[in-house]
Every structure is written in C-alpha cells, then in structure tokens.
1. Would you please classify the overall shape of the stretch 84-242 from the alpha carbon gyration tensor, given that a ≥ b ≥ c denote the square roots of the eigenvalues, rounded means a/c under 1.5, and beyond that prolate means a/b larger than b/c while oblate covers the rest?
2. Could you pull out every one of the lysines with an alpha carbon less than 16 Å from that of residue 378, ignoring same-chain neighbours closer than 8 positions?
3. So for the pair residue 219, residue 92, with labels modelled 7 Å out along Cα→Cβ, what separation do we get in nm?
4. Which aspartates and glutamates, if any, have their Cα less than 14 Å from the Cα of residue 329, not counting same-chain residues under 8 positions apart?
5. Whose amide H sits under 5 Å from the amide H of residue 353, counting only residues 5 or more places off or on another chain, with H placed in the peptide plane?
6. Give 51/186; 51/358; 36/191 a once-over and call out the pairs whose C-alpha atoms are over 19 Å from each other.
7. At a probe radius of 1.4 Å, what is the per-residue accessible area of residue 59, in Å² to the nearest 10?
8. Report, in deg cm²/dmol and to the nearest 500, the calculated mean residue ellipticity at 222 nm for the chain, where each DSSP H run with n ≥ 4 adds -39500 (n - 2.57) and the sum is divided by the residue count.
Amino acid sequence: MISKEHKKHASLVRPTSGSFGWNEWAIVGAPCINIKLLANDVISALSAKYKCAYSDASHNDEVTLPPGRLASGAVLEYTDQINHHQFNYNNSLKPINFKQQFADADMVLVNGNHQPAKAQVVIIYNNKSASLQKRLAQLTNVELILLADNVTDVFDFIKEALPNWQELPIYRLEETDKIIAFFEAKMQQSKPVLNGLILAGGQSMRMGYDKGVINWFGKEQRYYMADMLKEYCDDVFISCRPEQKQEIDTTYNTLPDTFTGLGPFGAILSAFRENPNSAWLVVACDMPLLDTNALQFLLANRNTSSIATAYENNTDGFPEPLITIWEPKSYPVLLAFLAQGYSCPRKVLINSDTTLLKPLDAETLTNVNTPEDFEKIKRQIHQKIASA
C-alpha cells in the first residue's frame with residue numbers, strides 16, 4: 001500500500017516558458033511565405049537589441065534524404081559553416097530538446113501553421129479561412145490580429161473563439177512599423193523582475209569567524225547589505241546554510257541552500273530553484289566597500305539578453321561572479337556546467353555570453369577574507385568616516 005503522504009516527484013517551481021522559451025509567438029493564418037516575410041521584418045528590426053530566433057518546417061513537397069553523414073546512420077552531424085554553425089539531428093526531438101536549443105533566445109517567432117507557441121499572432125487572410133478554422137484550438141493566447149490584403153473585418157468564427165477580440169490590437173499586415181513596435185513593447189514588458197541574494201552561508205574558514213556578522217556600519221553586514229539591496233529589488237533574501245536559518249533575524253527573508261556543498265554556486269542555483277522566473281542580483285556579504293554607486297551602475301547597464309551582467313576584475317580581467325545580475329536564462333546554463341563537473345560561477349561567466357562592466361571604483365569590489373584584510377579595510381572605513 002502506498003501512503004497518501006507519498007509524493008513521487010519533488011515539488012519544483014517550473015519556469016513559465018512555452019514550447020521554445022519565455023517570449024514566443026506563433027504566427028498563424030497566412031501562407032507560409034507571408035509568415036516568413038513578417039518574421040524577417042521583425043527580426044531584422046529587433047535583432048540588434050534582442051537575441052531573436054525563428055522556428056519553421058521544411059516546405060519541400062518531395063521526400064528528401066537525410067543530409068551528410070545522417071544518411072550513413074549518424075545521429076548527429078555538426079558543420080562549421082564559417083559564418084554560421086549547423087547541427088543536423090537524426091533522432092526526433094522531444095519538447096524539452098526545443099527548450100534547450102532555444103534557451104539563449106530572447107524572443108522566438110514560430111510558423112504557427114506547423115508548430116504551436118505560448119502566444120499567437122493571427123493573420124486574417126481570405127484564402128486561409130479554412131486552414132485557420134482548423135487551428136482554433138491552438139489560439140490559446142492571441143495577442144495581436146493582422147488584416148491582410150483587402151480584408152476589412154475579423155472572421156466571425158475568430159470573434160466567437162476570442163471573446164476579447166475587440167480589446168486586442170488590430171493592424172493591417174502592411175503596417176510594419178506598428179507590428180515591430182508591438183513586439184518591442186512586449187519585450188520591454190517581459191523584463192524579468194529582480195530579486196536580491198546576499199551570500200552569507202560561507203564557512204569563513206580563513207577569517208576564523210562568520211563574515212556575515214561583522215559590524216562595519218552599525219549592524220551585521222548581512223543585514224546592512226540586505227537593506228541596501230531592498231531599494232533596487234522586488235524581494236531580498238539572505239542565502240545561508242540550513243543550520244544558520246535560526247540565527248538570522250526573522251524580519252529578513254532567508255533562502256537556505258538546497259544545492260549543498262557547492263559554495264556560492266549552490267546558493268545561486270538554490271535561488272533559481274526557489275524562483276526560476278526572476279533575475280537575481282547576487283552580492284557577497286564580505287564586500288564592505290560596496291556602495292550604492294556601484295549597484296546603480298550595474299543596474300543601469302543590465303543586459304537582459306546576456307546570461308548575466310557582471311563587473312570585470314581590474315587585475316586579471318575576469319568577471320566578479322559575486323556582484324552580478326544573473327538572468328533567468330542562466331539557470332539551465334549553470335545546471336549544464338554542474339552536469340559537466342564544474343561548480344565555479346566565474347567559469348560559467350567566462351565561458352558564456354556575459355556583459356562585463358569596468359567598475360567605477362575598483363576598491364568597492366574588495367573582498368575581506370582574512371584578519372589581515374579586516375584590519376586593512378577597517379582602517380580605510382574609519383579614515384573615510386573621519387574625513388567625511
């Protein structure tokens with residue numbers, strides 16, 4: 001007998017992505033060539049700011065043989081085409097494979113005549129009325145209606161299927177500027193909310209005592225940093241080891257590690273496990289010189305198209321992973337690195353599409369790891385307070 005309390009699977013928060021990614025639209029209701037041309041116009045206009053992708057099906061009427069070595073039985077073939085890269089697969093792709101392949105894309109346009117997507121753009125095209133009627137079940141989240149050719153009104157069956165159709169923007173297919181503006185507005189609205197994460201779960205072995213409880217500015221540093229981030233984030237959490245939770249003031253949100261034994265890497269993954277749809281401003285608690293100017297500059301230059309926005313270390317040019325905005329698209333990237341045996345967040349940033357910024361003041365990124373560091377920084381802080 002199986003207990004009613006038994007749960008076969010862990011309760012995990014899932015990203016609110018669609019078939020391909022977070023922002024995807026299936027364009028449906030017109031001949032495939034018109035859909036391709038519309039997608040091309042939108043992608044051409046927005047690709048400088050967003051990573052755009054397109055999904056379609058082959059329109060060859062003839063049966064074609066698999067390309068290259070796939071015809072000989074290979075399951076995968078990669079070709080460096082010099083100006084682009086090409087992967088050919090022999091095995092059929094599962095839904096999760098599409099999400100993996102399109103994970104880096106900010107927006108995906110889909111030929112809805114062949115594949116569905118989370119949101120839809122409906123084109124009212126006289127000669128495709130019957131085809132569109134067959135796809136009514138696919139119209140689950142229509143956000144835009146376009147009138148093609150000499151069409152003057154929306155089909156009656158669309159009005160019946162979409163009770164809110166009059167509230168939707170309706171443009172003519174040739175009004176390219178309005179269509180592009182629609183997609184640009186949607187992308188701006190889809191910017192992930194930002195949560196803050198104070199890394200305070202380290203062992204502080206070199207320091208000899210918990211760095212998070214050091215009182216630099218009248219309160220424990222983990223609380224001082226959390227209060228600083230509250231001005232810029234929707235919610236702020238103090239990352240800690242599970243056994244630390246009881247020590248932390250209950251007026252502050254805590255986020256105990258669920259990826260244990262991985263240091264900061266595990267803390268970042270634990271944050272995404274808690275909320276995979278949010279971006280996370282991750283700040284280590286051992287950076288007492290970090291100020292609002294450094295945070296504001298990081299936020300002002302945030303690039304949601306990258307997996308992360310980070311400061312560059314003035315000494316070695318490498319990114320500083322513990323004062324970084326990690327976007328939701330970094331979550332599967334972090335997991336992929338972990339699967340390959342890597343648990344260094346800096347290595348993820350170095351080997352991924354990361355936006356790097358030169359710090360306004362390199363001293364603000366100084367870490368305090370040892371008693372010697374502590375004494376040095378304490379003198380600097382006291383001198384600044386005295387001079388002020």
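1. On the way: a/c = 3.66, a/b = 2.29, b/c = 1.60.
Prolate, because a/c is 1.5 or more and a/b exceeds b/c.
2. Straight-line reach from residue 378, under 16 Å: 211, 219.
3. For the pair residue 219/residue 92, the computed spacing is 5.7 nm.
4. Within the straight-line limit of under 14 Å, residue 329 reaches these aspartates and glutamates: 104, 106, 353.
5. 307
6. 51/358; 36/191
7. 80 Å²
8. Details: 11 runs with 110 residues, N = 388.
Roughly -8500 deg cm²/dmol at 222 nm, from the helical runs in the chain.
The values are calculated or read from the model by the stated rules, or taken from the named source; none is laboratory data. Just so it is clear, the model here is predicted, and its values are computed rather than measured. Counting neighbours? That spans all protein chains shown, and the Cβs are built from the backbone with ideal geometry, glycine included. Surface areas here come from the heavy atoms of the whole protein model, side chains and all, with no ligands, DNA or RNA. Shrake-Rupley method; radii C 1.70, N 1.55, O 1.52, S 1.80 Å.
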